[in-house]
Amino acid sequence: MKTDVLVVGSGIAGCAAALAAAREGARVTLATKATEPEHASSWWAQGGIAVTRDDPDSFKQDILSASDDTADPDAVDVLVENARTAVESVLFETLDVSFDADDAGYDYGREAAHSTRRILHVDASTGRHILGPFLSHLAELPSVEIRQDTAALELITHEGRVHGAYLESDGEIEPTFAGSTVLATGGVGALYPQSTNPDGSTGDGIAMAALAGAELQDMEYVQFHPTVCVGEDPFLVSEAVRGDGAVLRNNDGERFMPDCHPDAELAPRDVVARAVARERDRTGKVTLDVSPFDFATVFPDLAQMCESRGVDWDAGIPVAPAEHFLCGGIAVDSEGRASLDRLFAVGECSHTGVHGANRLASTSLLEGLVWGLRAGGAAAGFDPQPIEAPELLDRDPALPARFAEEKSVRLRRVMDEHVGLERTPEELKRATGVLRRLKGEVDAYIRTRTSRELYELRGQSVTALLIARAAAENPTSSGCHYLSEEQTPHAD
Ligand SMILES: Cc1cc2nc3c(=O)[nH]c(=O)nc-3n(C[C@H](O)[C@H](O)[C@H](O)COP(=O)(O)OP(=O)(O)OC[C@H]3O[C@@H](n4cnc5c(N)ncnc54)[C@H](O)[C@@H]3O)c2cc1C
């Protein structure tokens, strides 16, 4: 099969790339392993999408401060300068998203570490109100073919150029040749036992790019969200709730954030997440006190989620940190170009430099939209060149019973215990060794088998090792990479 632009992943970043490429006249194949839109993190985005109002300088400063001044100022400029046009042209004009508004205009929300109200939202379920119309719009474009339940397993490469990917659908594997390939495969939540991400967030795109030789950056910066409602069916309680005045209390009823940071509950995420974890360890429980305002009226979606799980918000919502977002990923330039020819990466699987060591709330949807549009435009215009592509071996498709499940559980335990919110150099070294062996066990099966389950496990094992290794090699605490016992650099 041949296509001009192969986009892998159907979250906001993949959709934006597909739209922009189609607008440039390209034939686009959008391959996604999702069978439902909710299999993308984009669907679950709550708080909303930040946008530049008349405040580009303060928006830029907020992003830089939240990142511990590690974000790339040039990348932040690209985001801030293109935000308004991207939101207006796609979300307002093309998709007609009905963001919350009143007679005075849009009801801009505020979240942690934003100095002002600049977040467009639809209740606290913004993602689905963007992704639903986006997928419907693309489905109507004659030049875009959406292939659901179709997983990219491996990139096709030849002499430093990417020529497409092997796609698996219904057990059949077929090379798809493309003029250019855009990876938009999202995050890595499946590497941790507690995550806000959908289950399929196995890091496939990052692993495929790394194995093909693409450069990665900042893989150690894994962001944990501080307020995930704990219980059998956990769910994220948006930062917007703290933005509207909710406060965190420990099991003794004490508010602890004012002692941790001048911005208290609106401190950067890494600070709040570590404080919540510490207070949970110390006192047994942390709750989000939503009594300062009428929770059910201001956040009807979240109130409904609480109700359906039997959580009484008047008693405080029980919360804990959970893995949420990978700040690093496939290194790309201002148009989403990776270090391999004709390979692009957008959204959470990419590293644009916007987030540095810690992401500012509600900038991820925006990054996916802005870079998706830029990369999609830049990816158009190349003809596919079918090359001799070796067959993926499938000599013995049956894996040992429960192989993938057992390895996955082990991998999550290692990541949770040693590569989580707080790390030590010794633990990271140990984790790297265990993960290297685990990856070796998976690789032994990959040589002769091609099931999607096995390739997802490979995605997990490669990405976990990359994160642990990057963390072990970075002796400096910053943002999401927090060493509880600082390593002293060697004098020589
Ligand atoms: C609960 C929650 C709330 C959030 N709230 C906000 C918010 O309010 N504001 C904000 O800015 N950000 C928020 N985020 C973060 C943000 O939603 C994500 O970072 C962003 O949506 C990622 O978009 P994406 O397009 O890169 O990836 P995703 O939306 O995750 O899409 C990835 C796609 O790739 C597909 N895929 C993966 N691997 C393969 C493969 N091998 N082959 C084919 N397809 C594949 C998946 O099926 C999926 O369709 C939130 C995240 C979560 C989980």
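The values are calculated or read from the model by the stated rules, or taken from the named source; none is laboratory data. These figures come from a predicted structure and were not determined experimentally. Ideal geometry is used to build each Cβ from the backbone, glycine not excepted, and the neighbour counts take in all protein chains shown. The area values use the complete protein model at the heavy-atom level, side chains included, leaving out ligands, DNA and RNA. Shrake-Rupley method; radii C 1.70, N 1.55, O 1.52, S 1.80 Å.
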| task | Go through (1) within 24 Å of Arg280 (Cβ to Cβ); (2) at pLDDT below 95; (3) among the polar types (S, T, N, Q) one by one and return the number of the condition Thr448 breaks. | result | (1)
| message | Given (1) modelled with pLDDT of 95 or more; (2) crowded, with 22+ Cβ neighbours inside 10 Å, identify the lone condition not met by Glu145. | response | (2)
| message | Can you tell me which residue is surrounded by the fewest Cβ atoms within 10 Å (Cβ to Cβ) among those in region 330-373 that are more than 9 Å from the ligand (Cβ to nearest atom) and in a strand (DSSP E or B)? | response | Asp341
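When residues of region 177-194 are filtered for being touching a Leu at 6+ places or on another chain (Cβ under 6 Å) and within 11 Å of the ligand (Cβ to nearest atom), how many remain? Even if it seems obvious, please write down each step before you answer.
So in region 177-194, the residues touching a Leu at 6+ places or on another chain (Cβ under 6 Å) come out as 178, 181, 187-188.
After this cut, where a residue has to be within 11 Å of the ligand (Cβ to nearest atom) as well, the list is 187-188.
Qualifying residue count for the region: 2.
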| field | Residue count, region 404-450 (criterion: in contact (Cβ under 8 Å) with a residue 60 or more places away in the chain and either open to solvent by 20 Å² or more (accessible area, probe 1.4 Å) or in a helix (DSSP H, G or I) (or both)) | value | 9
| note | Within region 195-241, residues in a strand (DSSP E or B) and more than 10 Å from the ligand (Cβ to nearest atom) come out as Leu216, Gln217, Val222, Phe224, Pro226, Thr227, Cys229
| query | If you go through region 148-156 one residue at a time, do you hit one that is open to solvent by 20 Å² or more (accessible area, probe 1.4 Å), under 19 Å from the mean Cα position of the chain (by Cα), farther than 20 Å from Pro384 by Cα and of a type outside the set (Phe, Trp, Tyr)? | reply | no
| query | Here is a list of conditions, (1) open to solvent by 50 Å² or more (accessible area, probe 1.4 Å); (2) farther than 30 Å from Leu155 by Cβ; (3) away from the ligand (no atom under 15 Å from the Cβ), and Val290 meets all of them except one; can you say which number that is? | reply | (1)
| message | For Arg269, only one of the following conditions fails: (1) within 23 Å of Val122 (Cβ to Cβ); (2) open to solvent by 60 Å² or more (accessible area, probe 1.4 Å). What is its number? | response | (2)
| remark: Of the residues in region 21-35 that are open to solvent by 10 Å² or more (accessible area, probe 1.4 Å) and outside any loop (DSSP other than H, G, I, E, B), the one that is farthest from the ligand (Cβ to nearest atom) is Arg23
